[in-house]
1. Here are the criteria: (1) without any contact (Cβ under 8 Å) to a residue 24 or more places away in the chain; (2) surrounded by 13 or more Cβ atoms within 10 Å (Cβ to Cβ); (3) among the acidic types (Asp, Glu). Tell me which single one Glu34 does not satisfy.
2. Which of the residues belonging to the stretch 61-73 are without any contact (Cβ under 8 Å) to a residue 60 or more places away in the chain and within 14 Å of Pro295 (Cα to Cα)?
3. Residue by residue through the stretch 119-153, note down the ones that are within 60 Å of the chain's Cα centre (by Cα) and in contact (Cβ under 8 Å) with a residue 40 or more places away in the chain.
4. Which ones in the stretch 63-72 are surrounded by 17 or more Cβ atoms within 10 Å (Cβ to Cβ) and of a type outside the set (Gly, Ala, Ser)?
5. Residue check: is Thr588 in the same structural domain as Asn673 (by TED's automatic domain parsing) and more than 27 Å from Gln480 (Cα to Cα)?
6. Given the conditions (1) farther than 30 Å from Lys49 by Cα; (2) under 21 Å from the mean Cα position of the chain (by Cα), which single one is not true for Val389?
7. Which one of these is under 17 Å from Phe175 (Cα atoms) and either buried (at least 18 other Cβ atoms within 10 Å of the Cβ) or not basic (Lys, Arg) (or both): Val248, Val260, Val210?
8. From (1) among the aliphatic types (A, V, I, L, M); (2) at pLDDT below 85; (3) within 17 Å of Leu67 (Cα to Cα); (4) out of contact with any Pro (no Cβ under 6 Å at 6 or more places or on another chain), pick out the condition that doesn't hold for Ala299.
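The values are calculated or read from the model by the stated rules, or taken from the named source; none is laboratory data. Please read these numbers as outputs of a predicted model, since none were measured by experiment. Glycine gets a Cβ as well: all are built from the backbone with ideal geometry, and neighbour counts include every protein chain shown.
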Amino acid sequence: MAWLASFRLRLLFRSAFLLLALATLAMAVYVLQEEKQRSYDNYQSGFGKTKEQIAAKLRHPTGQLALLNPPGPGGPVTPLHPVLLPYSAIDFDDQTKVRNAVEMAGCLVQYKHYGSLCVAIGNNPWAGGFIYAAGTFASTTLLAHRIGDEWLDSAHRLRVEVALRGQTYRWIAPFEPLTVQGNPRREGIRGRLTGYVDIGGRDYTGERPVKEFRGWVWQSGQCLDKDEPENADCERRSFFSLRLPVEVLRDALFQKAKPVWPPADLDQIKVRVEVLPAGDGAALFDSNAAGAIAPFSLADLRPLLLPGETLLIGKAAGTGSAEILRLSGSDSAAGEISSPLLTRLIRYLPVERYEAPIALSDEIATPMGNYTVRLQGDARSVNKRLSAVATRLSWFVGAMLLAIGLAWLIIEIGIIRPIARLTKRAKQLSKTVKTTHGLAEFDLADLRGSDELGILANCLNDLLRRVKEDAEREGIRAEQEKDMWHAVGHEIMSPLQSLLVLHGSEDDPSRRYIDRMQQAIRILYGSASPSEAFQSTTLAVQALDLDEFLRNIAGNAACVGIAGVSYERAPSPVLVRADEYPLEDVVTHVLRNADRYRPPDTLITITLTASETTVSVAIHNVGQAIPDDLIDKIFEYGVSDQAEAGANGSRGQGLFVAKTYMAKMGGTITAHNDEDGVRFVLGLQRAMAG
C-alpha cells in the first residue's frame, strides 16, 4: 500500500470536504424529516380543533342563522332579503330584547355612518306572516310628527318597501314621540313609528294608520362626537324596530293543512328601508346604498380550512335533502414555487402515526331540525406546504454547499495540486537519481511563490540546482583531472619506463619500488578537479583603495590585449575589503568576456558607486544581450555559449572563478541585460579608514 500513502494527504483533504458536504445534506434531510413529523402531529391536533371551532361557531345563534340561511349564488348584498331567524318571533316593542336578538343572531348588515339593518322572519309560522326590520341610523334630534297634521314630511320618517310575488307594499312611518320626563337631549328620545300606506304625495288627509304595522324608535342622548356640548343639537345614534304585515305571506299559511315555512321564495323577497329627514332632504339611511357589508354566512368558514380540507354541511337523515354546502380550503401554497425534487423527497420521508385521509363529524341542533357537519382532511397536504417552505430555504443549503465547494476548489488549486506536482516531480527525480546516479532536468519555477508552499518550492529548487551544479562541477573536475593526471602520469611514466629497463632484472630490488610507483600513479588518475583547487584557495583580505586599483586596471588593460577601457576616477579614495591579485583576476575575466562580445571600436566603461557600507563596480559593454536561458547559468563551472569550447581553450571557468573569488572576499557578482548591452555589477564591503 505504499502507492496509497503518497495520496494520503490529498485523500484526507478531499474526504474531509466530501464528508462536510454529505453532512450538510444529511442535516437538511434530517431537519426536513423532523419538520414533516412535527407538521403531521400539528395537523392531527389542529384538525380536531378546527372541527370543534366550526361546531361551536355553528351552535351559536350567529352560526344557526347561517345554517338556516345557506348562501346562494354570489351576488350583491343589496337589495336586502329576509333571513330566517333561529327564534320564533321578535319582541319588537322592547328595545333591549330586539337589540339583543338581532345582535346575537348576527343578522345586521352594516352600512357607512353608523347604519345597520336586519330584515328577518321568525321560524314559527303561527307567529304571523310578518317581516321584522331592525337597525340603526345617525341623525340630529328627531323631529316629531304632530298628531292631526295631514302633512307627514315635516317630521323624520321611515319609508319601507317590500316586493314579492309580483306585488309591492309601501309604507311611510313618521316619528311620533312618547311623553317622557327629564331632558330628552341628555336622556334620549323614544317614540312610535306610525305606519301609513305610502301614497307618494304629501297630503295624507283622511288616511288611517295600518293597524298591523308596528314600529318603535329610540334615539340616544349621547352625541356621536364626544367633543360636542351635552345640550347641542348634534348627531346621535337611533335604533328602530319594525313589524311589517305582508298579507301574501299570511294568506299562504291558511291555504294548506301544513304550511310551508319558511317560504320557498324567501330569497326573492326584496325589502328596502329609508330614513328621511324633515323636509325634502336626501335620505339619512338607505338600505340599498352601496358599500353594505353582509353578516356572517357559512362561506365565511372557508378561512378556517387548510389546504386539502373539505367541509360538508347537510341536514340530518329524515329532515330533508342531504348536502346543502361544500367548502374546500384554499391552497395557500398554490402561488408559491415548489421544487419537484424536494416534493418527491418529502413524500418518501418516513413519519410515525401517519393517517391519510381523515374525517370528523358532528351534529348541530336548530329549531328547524338537525344539521350534520363533516370535516374531511388529508394530511398529505402538509407535503405541499412543507415543500414550498423547503424550496424557499433551499438557497441556504445551496449557499453552504457552494461555500464548501469554493473552499475545496481554492485548497485544491492553491495547495493540493501544487503538492501533487511537487510530489510527482520528486518521484521522477528520485527515479532518475537511482537509475542514472545523477540529477535529470528539473524545473520548479511554476511552483514558486510568497506563500509557505512557494517558499518550500523555491528552497527546493535552489537546493536541487546547487546539488546539480556541484554534481556537474564534480564531473567536469574529475574529467579534467583525469586528463591532467593522464598527462602528468605520461610524463612520469616515461622516466619510470627507462628506470624499469635499467632495473629490468627480476632479482633487482629496485624493480619492486618502480612497480609500486607505477601502480600508485594509475590509482591517482581522476581523483581531483581544478574547481576543487579554486574553492580551496585561501585569500588574504585587507583594505584596498578601489579607485586607485580600477585606475591601474583601466590604464594597463591594453597591455593584456583589452583596448578601449574607460574609467572615471572618484574624487577621493574608496577603501574596500579585498585581496588585490584575486580581485584583479575577477575584473580581468569580466573584461575579457566584455571584450569578446562588444562590437569593434566601442568602449568598455567602468563605473564606481559607493554607499555607507557597500561599493558597487559596474562594467558595461555595448553588444548583444545574454540569452534568458543562460543569464542564470553563466557563473556555473563549464558553462559557455561557444561550440567546442574545450577544444578552443575556453573551459567555461572564468566567470566561475570570478564568482568564487568574490564570495571568498564577502562580495557578489551579478549580470544584467541593458537596452544596448550587458552590465556586470561587483559588490564589495567598505573598509574602515585608518
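1. That leaves (2) as the condition not met.
2. Matches in the stretch 61-73: Pro61 only.
3. Within the stretch 119-153, Val119, Ala134, Gly135, Thr136, Phe137, Ala138, Ser139 meet the criteria.
4. Of everything in the stretch 63-72, those that are surrounded by 17 or more Cβ atoms within 10 Å (Cβ to Cβ) and of a type outside the set (Gly, Ala, Ser) turn out to be Gln64, Leu65, Leu67, Leu68, Asn69.
5. No, not satisfied.
6. (1)
7. Val210
8. Going through the list (1) among the aliphatic types (A, V, I, L, M); (2) at pLDDT below 85; (3) within 17 Å of Leu67 (Cα to Cα); (4) out of contact with any Pro (no Cβ under 6 Å at 6 or more places or on another chain), Ala299 breaks only (4).
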